[in-house]
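Here the structure comes first, spelled out in structure tokens, and everything after it is commentary.
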Amino acid sequence: MASLLWGGDAGAAESERLSSHLSNLIPRKSLRGLKSTTVPGLGASINISEEDEEEDMVDLAANSLLNKLIRQSLVESTHRVEVLQKDPSSPLYSVKTFEELRLKEELLKGIYAMGFNRPSKIQEMALPMMLAHPPQNLIAQSQSGTGKTAAFVLAMLSRVNASELFPQCLCLAPTYELALQTGRVVEQMGKFCIDVEVMYAVRGNRAPRGTDITKQIIIGTPGTVLDWCFKRKVIDLNKIRVFVLDEADVMIDTQGFSDQSIRIQRALQPECQMLLFSATFEDSVWQFAERIIPDPNVIKLRKEELTLNNIRQYYVLCDSRKDKYQALCNIYGGITIGQAIIFCQTRRNAKWLTVEMMQDGHQVSLLSGELTVDQRASIIQRFRDGKEKVLITTNVCARGIDVKQVTIVVNFDLPINQAGEPDYETYLHRIGRTGRFGKKGIAFNMIEVNKLPLLFKIQDHFNSKIKQLDPDDMDEIEKIEY
Ligand SMILES: Nc1ncnc2c1ncn2[C@@H]1O[C@H](COP(=O)(O)OP(=O)(O)OP(=O)(O)O)[C@@H](O)[C@H]1O
């Protein structure tokens, strides 16, 4: 049995450390809030603003960037790649090595310098199509981290003619930051392709006046690219050989971007190769993809399914927030915990809980929507490295943080949608694991009596038992082995 409580009086020095740690956790911006709550004993004052009452909205572009920043390696899949060819009678090639692609020497060197030994699953099928002569159009869908960016960067670099000094490849990305991430991959992979250069068509980056753009690869957001093409006329779309639309699912989520992208695409020559990538494939993405990519080949790699099979789920009935916290402490005192993630519905609750736990001597960190993506990435990294044992968060990271050593997930608040119904998807994402990793886990739901019907709906929906736990019965708590 182990407890994470340090116990006793933390002392003045410790209190000061906590106080400064806390103000680091809560960015200055939010300290301009309206109401002020002084944290007793900590000497820190954290302000709760009206925004904190709201739920953090999931921002697709920020999540996508976060994913890229915290990713450690290629995401592998056990599924087969599904291919739908434009011309089903033409032979289907796949490659197991990069050599088979007959790339330029300097490009192959760049790939190996990045530590890639062999093509990823999606690259095995996508690369031969993307590099074929004559060029073929492609729509590719597979989850984040499976190697899509590396694939289209390779296609762009292999089609560029370094001696021609004008834009030849155009890649649209949903945000400035995402454009920069792609640009970094171009720079890394193209390290030995001297004379090939990238330019960013993003807000704040001025289009050159009076001189032509001599860089061969342009990466930008739709609005600025449109402006550079039609108003400033510094990009000649007739000369573009490869057009890439990356993160189509994020793109259509941003108002105006679909139409702007379509206007750009309409001005391209028919022989320009058109490629579209998406991590998810809802109908809306599919409709957009079919509008913008003529005669495409389609490649899909299904995502590993999340399951609740390996998870033991419990619920604890509580009267108040304080009560929930007390139950949490009892559970903590009763079982050995590796690392835990605790989900709250609002920033306000998350901040409150952070303060309570820190005061009680727990090593916690707080991840909420007011942090920049870089700050979020560094908090997740610290947590992964085991520097904090508990991560308290809002819905901002319901999806996408994959920390394998987490053994316990706590729903301090149940995920509920705007209609007041259970948010099943979010519940699954918070608690579920992919069957492939198969590690066991435990989930606790802290719930008020009036929310009990929602919990039962979740139980029915997933057809999986959520057992009641008496937080005062230490014997029962200690029996939860994992
Ligand atoms: N063939 C490969 N071998 C080893 N690592 C690879 C390979 N291809 C890509 N990677 C690495 O795997 C990670 C994910 O690749 P990449 O960014 O291309 O995926 P993605 O599907 O584009 O993800 P996202 O949708 O987030 O953009 C990166 O760190 C990349 O460097």
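Structure notes:
- Accessible surface, per residue, of segment 98-209 when the full set of protein chains is kept, probe 1.4 Å, Å²: 44 Å²
- Over all pairs of different C-alpha atoms, segment 307-479 has a mean inverse distance whose reciprocal, the Kirkwood radius, equals 16.2 Å.
- Partners of K86 within straight-line reach, counting lysines whose Cα lies under 18 Å from its Cα and excluding those fewer than 8 residues away in the same chain: K300.
- Take 269-276, 338-345 and order them by the average number of nearby Cβ atoms within 10 Å per residue, most first; the result is 338-345, 269-276.
- Rotationally averaged projected area of segment 228-354 (alpha carbon convex hull; nm²): 13.7 nm²
- Counting 0.36 nm for each residue step from N161 to E106 and taking away their Cα separation leaves a gain of 18.5 nm.
- Length gained when the stretch T97-T214 is fully extended (0.36 nm per residue, less Cα-Cα span): 38.8 nm
- Of all lysines in the structure, those lying under 16 Å Cα to Cα from K451, and not within fewer than 8 positions of it along the same chain, are K324, K467.
- Accessible surface of segment 94-248, 1.4 Å probe: 48 percent of it comes from carbon and sulfur atoms.
- Spin-label model, D236 to S90: label points 7 Å out along the Cα-to-beta-carbon direction sit 2.8 nm apart.
- The slack in the chain from N205 to N450, taken as 0.36 nm per residue of separation less the alpha-carbon distance, amounts to 82.9 nm.
- Spin-label pair R118-D323: with each label point 7 Å from Cα along the Cα-Cβ axis, the two points sit 5.7 nm from one another.
- Inter-part distance where segment 63-92 and segment 346-384 are each reduced to a Cα centre, Å: 33 Å
- Under the simplified labelling scheme, the Q381-E187 pair shows an inter-label distance of 1.6 nm, with each label point 7 Å from Cα along Cα→Cβ.
- Above-threshold pairs, the threshold being 23 Å between Cα atoms, out of K440/K479; K104/K148; K322/K465; K96/K215: K322/K465; K96/K215
- Other residues lying with their Cβ under 13 Å from the Cβ of I122 contribute a combined charge of +4, Lys and Arg counting +1, Asp and Glu -1.
- For the Cα trace of segment 68-301, dividing Rg by the Kirkwood Rh returns an Rg/Rh value of 0.93.
The values are calculated or read from the model by the stated rules, or taken from the named source; none is laboratory data. Not measured: the values here are computed from a predicted model. We place every Cβ from the backbone using ideal geometry, glycine too, and count neighbours over all the protein chains shown. All accessible areas refer to the heavy atoms of the entire protein, side chains included, with ligands and DNA or RNA removed. Shrake-Rupley method; radii C 1.70, N 1.55, O 1.52, S 1.80 Å.
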